[in-house]
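Presented below is the structure to which this report refers.
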């Protein structure tokens, strides 16, 4: 009978150890799940999709929500009596777009149009226009938390037209502010 009692005690002790071990495992797994959730939340923070393009040795980005399409800049028709930043107009599948070279707004020197020059067709601030780009590298996703205010000495760009700058020196344009600038609307009449 002594052996039965010892077996019974050993069995009870084993059950207690298994329960304690099971509780430890559950606690460890719960802690791991919390850590994984925090990691996932950090990785899935708010992001912004932009079309990245180069202009005057700088890299800029326009939020994809404003971009309709990107086309090679061909068959530009000059428009007389327009400001210097107006390159002309282009016809894209029956739609006419004014094409702007925004270098003037950023104090960058004018550059000749080449076969690599692109036009980014945008729709913002109630305007559908084309923005000249030396080259377009494509769409990319940026964590909103990475976008910082522009540095005071950074290029000759006006702060009002810049939403921010990423650590990789991608300048995010505030396209709506740029297209609301009073210089954009040409109200000249030719007699």
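Where a number appears in this text, it was derived from the coordinates with a stated rule and is not lab data. Given the structure is predicted, the values throughout are model-derived calculations rather than measurements. Glycine gets a Cβ as well: all are built from the backbone with ideal geometry, and neighbour counts include every protein chain shown.
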* Asked: Let a ≥ b ≥ c be the square roots of the eigenvalues of the Cα gyration tensor of the stretch 47-180; is it rounded (a/c under 1.5), or, if not, prolate (a/b larger than b/c) or oblate?
  -> prolate
* Structure fact -> Here FRET efficiency (C-beta to C-beta, residue 59 to residue 84, R₀ 25 Å, nearest 0.05) is 0.60
* Asked: residue 160 to residue 26: extension gain in nm, 0.36 nm per residue of separation minus the Cα-Cα distance?
  -> 42.9 nm
* Per-pair calculated FRET efficiency, R0 = 25 Å: residue 75 and residue 137 via Cβ, rounded to 0.05 -> 0.55
* To do: First check a/c for the stretch 85-130, with a ≥ b ≥ c the square roots of the eigenvalues of its C-alpha gyration tensor; if it is under 1.5, answer rounded, and if not, answer prolate when a/b is larger than b/c or oblate otherwise.
  => oblate
* Starting from the Cα of residue 125, step 7 Å toward the Cβ, then list every residue of the stretch 76-101 with an amide N under 17 Å from that point. => 83-87, 98-101
* Asked: Say each of residue 116 and residue 96 gets a label point 7 Å from the Cα, pointing the same way as Cα to Cβ; how far apart are those two points in nm?
  -> 3.2 nm
